[in-house]
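Just so it is clear, none of the values below were taken in a lab; they were calculated from the coordinates. Since this is a predicted model, take the numbers as computed values, not measurements. Cβ coordinates were reconstructed from backbone atoms using ideal geometry, including for glycine residues, and neighbour counts include every protein chain displayed.
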Amino acid sequence: MALTGIEIFKKLPKTNCGECGVPTCLAFAMKLAAGQAELSACPYVSEEAKAALEEASAPPIRPLAIGPGDKALKIGGETVMFRHEKRFVNPTGIAVLISDKMSEAEVDLRLQKLNELKFERVGLTLQADLVAVKSETGDAAKFEALAKKAKEKLDGKGLVLMSENPQILGPAAKACADRKPLLYAATKANADALAALAKEISAPLAVKGGNLDELTELTTKLTGAGLKDLVLDSGARTPAKILEDQIVIRRAALLKKFRPLGFPTITFPCEMTTDPMKETLLASMLVAKYGGIVVLADIEGHTLFPLLLERMNIFTDPQRPMATTQGIYEIGGPNENSPVLITSNFSLTYFIVSGEIEGSRIPSWLLVKDTEGLSVMTAWAAGKFGADAIAPFVKKCGIADKVKHRKLIIPGYAAVISGELEEELPDWKISIGPREAGHIPAYLKMWKAEKK
Ligand code: SF4
């Protein structure tokens with residue numbers, strides 16, 4: 001049973017030193033109780049108190065890793081029902097199914113798509129994360145060979161090994177033990193054998209119940225046997241029921257601190273429909289509604305990309321805009337005569353502007369001013385992209401040593417600061433660029449022609 005804030009407070013040092021980031025031990029205790037802080041933030045908790053507080057300070061949904069080291073996919077660790085309350089922590093893992101019933105060519109094609117379907121967006125590489133290897137033939141050797149093939153061909157992606165038969169799952173799991181696969185799935189019938197296997201190879205274990213009550217019984221039994229890293233499958237395979245179960249599990253874990261359901265989930269849109277578009281829609285719902293992993297039957301660029309984009313949007317921190325580092329960016333190998341443009345460090349702005357400059361094929365210098373991740377207009381309104389903020393940056397950043405001319409192109413949306421900026425930077429001629437990034441190529445071509 002989780003401790004209350006006051007019970008936690010009694011075990012803290014009560015010195016109110018503030019090193020944990022909040023002013024008092026009581027405030028820290030309240031945050032711990034709400035799952036909004038980690039016990040490790042207080043450097044002064046005694047070992048004895050640590051042991052006692054472990055349960056209370058653990059995130060209500062246990063975080064766990066599938067795969068080894070840095071490349072592991074992290075799931076769970078969530079602390080809120082809704083993104084705007086704080087943020088969602090670990091993005092839903094997207095898995096693609098292969099089976100030992102498929103032809104070699106089919107398997108190869110899916111593995112190839114898993115490796116090759118990647119998308120660049122605001123400086124991030126978006127791609128699927130896992131392969132789910134399923135035994136359908138009942139042939140242990142065939143399953144093991146397929147698991148090994150997936151392991152070898154997919155460098156850096158996680159494995160989900162799927163068989164409820166311990167005799168079939170065992171050899172494949174041991175062959176892939178170094179990749180710390182997720183074993184799927186412990187049920188009422190095989191819980192003891194799969195618990196022993198998961199312990200033996202230190203792998204996380206998925207647990208499948210016929211309903212939430214059965215799932216609760218199973219996780220209670222497995223945690224009692226010493227297993228910590230569990231992943232939940234409520235068994236639901238219809239859209240309405242899976243949505244209901246996902247919400248009930250999240251509410252029980254977060255709001256009721258109900259430990260038996262305090263684990264990430266695995267969901268199977270691939271078992272709910274044969275229509276790829278419908279499957280994508282279901283996966284989209286499950287990315288938004290608490291799926292730790294969604295398993296898809298197959299992926300294509302036009303189905304995977306929207307899912308990845310949705311996932312990126314949902315799992316970015318709403319309180320922290322995505323930002324690019326302040327500095328001078330060289331685009332297309334500029335020289336001392338190349339144009340100099342300036343923009344804000346809102347990631348989307350940076351990537352759109354730099355993309356348009358690149359597309360113009362006119363090598364340029366792009367100055368990116370730290371505006372705390374705000375777009376040009378918002379930053380200007382907040383006083384972070386005014387003449388008094390830009391001028392010191394232009395003087396200090398070193399661009400004057402890189403170009404012979406003194407011409408600075410500012411965004412069209414910041415035209416209002418041009419006069420003031422000319423006063424602050426008397427050596428520079430300020431030109432007003434286009435308002436829309438899409439017009440940058442034409443503008444730069446004009447700039448080049450005028451210079452000639
Ligand atoms: Fe109290 Fe520890 Fe926070 Fe200091 S760091 S205020 S001792 S909880």
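Decide, for the range 158-202, between rounded, prolate and oblate: order the square roots of the alpha carbon gyration tensor eigenvalues as a ≥ b ≥ c, take rounded if a/c falls under 1.5, and otherwise choose prolate if a/b is larger than b/c, else oblate. Prolate, since a/c reaches 1.5 and a/b exceeds b/c. Put a dot 7 Å past the Cα of K241, heading toward its Cβ, do the same for E330, and the two dots end up 6.1 nm apart.
Taking 12 Å as the straight-line reach from the Cα of K86, the aspartates and glutamates in range (excluding those fewer than 8 positions away in the same chain) are E78, D317. Between A173, P91, I66, the Cα set farthest toward the positive side of the dipole of the chain (charges on each charged residue's Cβ, about the Cα centre) is that of P91. What relative contact order, as a whole-number percentage, does the chain give when Cα pairs under 8 Å and 6 or more residues apart are counted? In percent, rounded to a whole number, it is 11. The value obtained for the range 391-438, namely the Cα convex hull volume divided by the number of residues, is 81 Å³ per residue. The length gained by stretching the chain between L26 and R406 to full extension, at 0.36 nm per residue less their Cα-Cα distance, is 131.1 nm. Taking every alpha-carbon pair under 8 Å whose residues sit at least 6 apart, the range 327-451 reaches a relative contact order of 29 percent. For the chain, the alpha-carbon coordinates run over 79, 65, 37 Å along the three principal axes, in decreasing order. The Kirkwood hydrodynamic radius of the range 341-452, based on inverse pair distances between different Cα atoms, is 14.1 Å. Enter the Cα centre distance for the pair the range 54-122 and the range 302-345, rounded to the nearest angstrom. Using only Cα atoms, the two centres lie 24 Å from each other.
Normalising by residue count, the range 172-239 has a Cα convex hull of 87 Å³ per residue.
If a/c stays under 1.5 just call it rounded; otherwise compare a/b with b/c (prolate if a/b is bigger, oblate if not). Do that for the range 5-57, with a ≥ b ≥ c from the square roots of the Cα gyration tensor eigenvalues. Don't skip to the end; give the middle numbers.
On the way: a/c = 1.42, a/b = 1.15, b/c = 1.23.
Because its axes are fairly even, with a/c under 1.5, the range 5-57 counts as rounded.
Computed from backbone phi, the HN-Hα couplings of the range 141-157 come to 5, 5, 5, 4, 5, 5, 4, 5, 4, 4, 4, 6, 7, 10, 6, x, 9 Hz, rounded to whole numbers (Karplus: 6.51 cos²θ - 1.76 cosθ + 1.60, θ = phi - 60°; Gly and Pro given as x).
Were the residues from K278 through Q319 laid out at 0.36 nm apart, the gain over their Cα-Cα distance would be 11.5 nm.
Legend: ranking of residues R179, R435 from fewest to most surrounding C-beta atoms inside 10 Å; resulting order R435, R179.
If you restrict to DSSP beta bridges whose two residues both lie in the range 329-445, what percentage is antiparallel, to the nearest 5? Write out the running numbers ahead of the final one.
Details: 3 of 14 bridges.
The antiparallel proportion sits near 20 percent.
Across all directions, the average projected area of the convex hull around the alpha carbons of the range 64-314 is 12.5 nm². Taking every C-alpha pair closer than 8 Å and separated by at least 6 residues, the mean separation divided by the residue count of the range 64-314 gives a relative contact order of 20 percent.
Restricting to the range 116-245, compute how many DSSP beta bridges are antiparallel as a %, nearest 5.
Details: 4 of 18 bridges.
About 20 percent, rounded to the nearest 5.
The distance between label points at Y44 and I6 comes to 2.3 nm (points 7 Å beyond Cα on the Cα→Cβ vector).
For V96, the residues whose modelled amide H falls within less than 5 Å of its own, excluding neighbours fewer than 5 places apart on the same chain, are L130, V131, A132, L296.
Placing +1 on the Cβ of every Lys and Arg and -1 on the Cβ of every Asp and Glu, with nothing else charged, gives the range 249-405 a dipole about its Cα centre of roughly 800 debye.
With N as its number of residues, the range 201-322 has a Cα radius of gyration that, divided by 2.2 N^0.38 Å, comes to 1.12. For the chain, the share of DSSP beta bridges that are antiparallel, to the nearest 5, is 25%.
Counting only lysines at least 8 places from K241 when in the same chain, those with an alpha carbon closer than 25 Å to its own are K134, K188, K208, K221, K256, K257, K278, K289. Electrostatic tally near M277: other residues with Cβ closer than 14 Å to its Cβ, Lys and Arg +1, Asp and Glu -1, net -3. The amide H of A185, built 1.01 Å from its N in the peptide plane, has S163, E164 as neighbours under 5 Å, considering only residues 5 or more places off or on other chains.
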